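Report on the following structure.
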Amino acid sequence: MKRLILVLAISALGVCSTLPAYAQSAAARLEPTKGNATAGTVTFTQKGDKVAIAAKVSGLTPGGHGFHIHEKGDCSSGDGMSAGGHFNPTGKPHGNPSAPDHHTGDMPMLVADASGNASLSMELGGMTVGSGVTDIVGKAVIVHKDPDDYTTQPTGNSGGRVACGLIAKN
């Protein structure tokens, strides 16, 4: 009988070890800064060593808009400046997230259609949800007025902040 219980316990452990780990996730509700109408949602889900990002944003002018994670989870100021600068715990220069050197908080540009709506769905490495120095939970997502040139330091010359949202763990 003891042998049967031992075999069943070992089998159960083997099955449990093959189940996927619970994915850490977080979300931000974007609210317009003073004088703007931009709003939306951004979700972040840890998938192995990458984070899946899904954004839906409205109230933008048509064209490109800088889109970043900023260092402070504070959207209390009317202009979004309370969120601080780009989240950059690894001390890299600002750049395109597809390049090797870029801030942890650098994300692809949002591109709004003629109606002012933008969607983004992608996976990025270099950030985490819920653990480590690159953890984005408790930071802020900022949508900027202008396109990101991915060159100008340290901001990408993206202009004013039209929306801000706190990243909170789900």
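The values are calculated or read from the model by the stated rules, or taken from the named source; none is laboratory data. No experiment lies behind these values; they were computed from the predicted model shown. Virtual Cβ from ideal backbone geometry, glycine too; neighbours counted across all protein chains shown.
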For Ser82, work out the one condition from (1) within 12 Å of the chain's Cα centre (by Cα); (2) not in a loop (DSSP other than H, G, I, E, B) it doesn't fulfil. (1)
So for region 27-36 (the condition being crowded, with 20+ Cβ neighbours inside 10 Å, closer than 15 Å to His144 by Cα and among the hydrophobic types (A, V, I, L, M, F, W, C)), does at least one residue qualify? yes
Could we say that Ser131 is of a type outside the set (A, V, I, L, M, F, W, C), under 15 Å from Pro97 (Cα atoms) and in contact (Cβ under 8 Å) with a residue 12 or more places away in the chain here? no
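Of the residues Gly73, Gly64, which is at pLDDT 95 or above, outside any loop (DSSP other than H, G, I, E, B) and over 13 Å from Leu124 (Cβ atoms)?
Gly64
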Restricting attention to region 77-88, does a residue exist that is of a type in the set (Asp, Glu) and within 21 Å of Asn36 (Cα to Cα)? yes
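Of the residues Leu60, Leu110, which single one is over 17 Å from the mean Cα position of the chain (by Cα), buried (at least 21 other Cβ atoms within 10 Å of the Cβ) and touching a residue at least 24 places away in the same chain (Cβ under 8 Å)?
Among Leu60, Leu110, only Leu60 is over 17 Å from the mean Cα position of the chain (by Cα), buried (at least 21 other Cβ atoms within 10 Å of the Cβ) and touching a residue at least 24 places away in the same chain (Cβ under 8 Å).
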Residue ID - nearest to Ala55 (Cα to Cα), chosen from residues in region 97-107 that are of a type outside the set (Asp, Glu) and buried (at least 16 other Cβ atoms within 10 Å of the Cβ): Met107
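If a residue has to be of a type in the set (D, E, K, R), in a loop (DSSP other than H, G, I, E, B) and surrounded by fewer than 20 Cβ atoms within 10 Å (Cβ to Cβ) to count, how many in region 113-142 make the cut?
The number of residues fulfilling the criteria is 1.
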Suppose we keep only residues that are modelled with pLDDT of 95 or more and surrounded by fewer than 19 Cβ atoms within 10 Å (Cβ to Cβ) within region 154-170. Which one would you say is nearest to Lys92 (Cα to Cα)? Asn157
Go through the residues of region 18-36 one by one and say whether even a single one is within 22 Å of Thr155 (Cα to Cα), of a type in the set (Ser, Thr, Tyr) and modelled with pLDDT of 95 or more. yes
